[in-house]
Amino acid sequence: MSDNIDDLYPLSPLQGGMLFHAIAEPGRGLYFNQLVCELRGRLDLDAFTRAWNGVVSAHPVLRTALVWDDVDEPVQVVLHEVDLPVRVEDWRGVPAEARESRLEAFLAEDRREGFDLSSAPLVRLALFRCGDDSHRFVFSHSHLILDGWSVPLVLRDVFTLYEGALSGRPARLSPPRPFRDYVEWLSEQDLAVSESFWRQGLEGVDAPTNPPQVLGSGEGTGKASQSLFLSEPLTTALTGFARRQGLTLHTLVQGAWALVLGHLCGTEDVVFGTTVSGRPPGLAGVEDMVGLFINTQPVRVRLPPEAPLSAWLRGIQELQLEARQHEHAPLVKVQRWSSVPAGTPLFETLVVFENYPLDAALTSASRALEVRDIRAVEADHFPLTLISTNGTRLPLYLRYDRKQFSAAFADAQLERLRVVLEAIAASPERALGTLALSSEAERHQVLVAWNDTRTAFADEASVLGRFQAQVDRCPAAAAVRCEEEVLTYGELEARANQWAHHLRGLGVG
């Protein structure tokens, strides 16, 4: 293997943290990502495969393996050459209605197989021919080497080489700046100012904001996802409000999640995570670099009941803008700068706003093939991850750990998010404490259903009549106990009659 080594350098702090989780929880498919789409048009399989091999040769991260055994610190090893796995199957004979179930079965099998992180490449392809001009395409890759911003860059280069091959004028890719330059840049940063910022921002935080766990769905382990799409009028209203206030939709989603999380946990001070691009503007060529640049950082939000929604949201955005100056600080260090005990996560929920629309990037990347029905299948280690992106109907996806949460729980939180976002659009000056975070169905359940304690009794059965019937049925049964003393129903009736006679003798009644 040593003859095939092209480069060797340390992991970034985020890669190190992800590797720790992946090793600690084998078999869960953590950080195993799949891009699934349909390719419409006449596909030249040989040219397509050559294009992919050309891109793998151009980008070192696509020839990278991770080594952690028998070394002081984990390293990433870039190989000169790798064999790119490509699976090709002809599904034209499979009935159309059976193809989706077969695809889902393949995706599940692919995730179970996962990657041997110590063996490059940490990417593979699958092509399923469904018609003369239709293929289902799956690009599987490890998140430890590629982030969401990098995937469209890789596919852009693939289509550039593919279309060049078809035209007879082979294209050449500009030499990309290697990911190792970013890792070196990270190692040179002075974190003293960032340490001061995060220590002050997280002062008093000594435990994560954990939603109460509920019984899982019983449908298996791993992750599942529920979704909700806001209406077009509500999305338009939120977009207009954000524009007028100088806010982003990401800030609105973060604010809504903060309120839902506070409601779930019964607190006015919450901490959750968010992802940031991590691409430093000062690093030349960073926009076209391929690798894992994103970082995860905490978002602390206080929920004062008297605060107006609009001013409170502006405060969240101002803090996030300030935090961007420190987004390169490794999460493992930020954790140490807080008062949360070592070994306890700083936060257990994550909010992701994908402002690099994958659909738009891929549909415009190819002229020879039409890219349709794009979706990404991902898995991180957080119990709850809220994902959103731009759209005419703002989408909200809540990914959850089925061991800890149920589909009904996820649906309920998505409904709460909708309620909050509706309030932001309709009454942005109302105070946080006036928001009702329960849906109409939940309010009906609490106020009506749970209080509907009516019970049907026989028409002739008064309390006295029911007591007498019990005396007649079981006169020797225990009716009253007080420490060691017991009265049977027969004895209780006799004493009650004695008292009744005594009271009548005194003229009562």
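The values are calculated or read from the model by the stated rules, or taken from the named source; none is laboratory data. Small disclaimer: the values here were computed from a predicted structure and weren't measured. A quick note on method: Cβ atoms are made from the backbone with ideal geometry, for glycine too, and the neighbour counts reach across all protein chains shown.
Restricting the search to strands (runs of 3 or more DSSP E) fully inside the stretch 345-392 and requiring at least 1 residues that are modelled with pLDDT under 85 gives 349-354. One residue stands out among those in the stretch 409-425 that are small (Gly, Ala, Ser) and touching a residue at least 40 places away in the same chain (Cβ under 8 Å): the one that is surrounded by the fewest Cβ atoms within 10 Å (Cβ to Cβ), which is ALA423. Look at the stretch 13-26: where a residue is within 21 Å of ALA329 (Cα to Cα) and in contact (Cβ under 8 Å) with a residue 24 or more places away in the chain and a partner is among the charged types (D, E, K, R) and in a helix (DSSP H, G or I), sitting 6+ places away or on another chain with Cβ atoms under 8 Å, you get PRO13/LYS333.
Does the stretch 386-397 hold any residues that are surrounded by fewer than 23 Cβ atoms within 10 Å (Cβ to Cβ) and either assigned by TED's automatic domain parsing to the domain that holds HIS21 or small (Gly, Ala, Ser) (or both), and which are they? The one that is surrounded by fewer than 23 Cβ atoms within 10 Å (Cβ to Cβ) and either assigned by TED's automatic domain parsing to the domain that holds HIS21 or small (Gly, Ala, Ser) (or both): GLY391. Going by the structure shown, is ASP44 at pLDDT 95 or above, acidic (Asp, Glu) and either surrounded by fewer than 18 Cβ atoms within 10 Å (Cβ to Cβ) or under 27 Å from the mean Cα position of the chain (by Cα) (or both)? In short, yes.
Could you check, for the stretch 38-45, whether at least one of its residues is under 25 Å from GLU184 (Cα atoms) and not aromatic (Phe, Trp, Tyr)?
no
Just one residue in the set GLN34, GLN15 is among the polar types (S, T, N, Q), in contact with a helix residue (DSSP H, G or I) (Cβ under 8 Å, 6 or more places away or on another chain), crowded, with 16+ Cβ neighbours inside 10 Å and not in a loop (DSSP other than H, G, I, E, B); that residue is GLN34. Within the stretch 487-509, the set of residues being of a type in the set (A, V, I, L, M, F, W, C) and surrounded by 12 or more Cβ atoms within 10 Å (Cβ to Cβ) comprises LEU487, LEU492, ALA494, ALA496, ALA500.
Exactly one residue out of GLU89, GLU113, GLU97, GLU73 is without any contact (Cβ under 8 Å) to a residue 40 or more places away in the chain and closer than 28 Å to GLY27 by Cα, and it is GLU113. Every listed requirement among (1) touching a Lys or Arg at 6+ places or on another chain (Cβ under 8 Å); (2) of a type in the set (A, V, I, L, M); (3) closer than 16 Å to VAL286 by Cα is met by LEU153 save one, (1).
Per-residue answers, yes or no, for (1) in a helix (DSSP H, G or I); (2) charged (D, E, K, R); (3) touching a helix residue (DSSP H, G or I) at 6+ places or on another chain (Cβ under 6 Å):
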{"residue": "ALA120", "(1), (2), (3)": "no, no, yes"}
{"residue": "ARG129", "(1), (2), (3)": "no, yes, no"}
{"residue": "ASP147", "(1), (2), (3)": "no, yes, no"}
{"residue": "ASP157", "(1), (2), (3)": "yes, yes, yes"}
{"residue": "GLU163", "(1), (2), (3)": "yes, yes, no"}
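When HIS141, HIS135 are checked against the criterion of being within 28 Å of the chain's Cα centre (by Cα), of a type outside the set (A, V, I, L, M) and either closer than 22 Å to LEU11 by Cβ or not in a helix (DSSP H, G or I) (or both), HIS141 stands alone in meeting it.
With the structure loaded, tell me whether SER439 is at pLDDT below 85, assigned by TED's automatic domain parsing to the domain that holds VAL276 and either surrounded by 17 or more Cβ atoms within 10 Å (Cβ to Cβ) or among the polar types (S, T, N, Q) (or both) or whether it fails that test. In short, yes. If I filter the stretch 74-89 for residues that are of a type in the set (A, V, I, L, M) and crowded, with 21+ Cβ neighbours inside 10 Å, do I get at least one hit? Within the stretch 74-89, one or more residues are of a type in the set (A, V, I, L, M) and crowded, with 21+ Cβ neighbours inside 10 Å.
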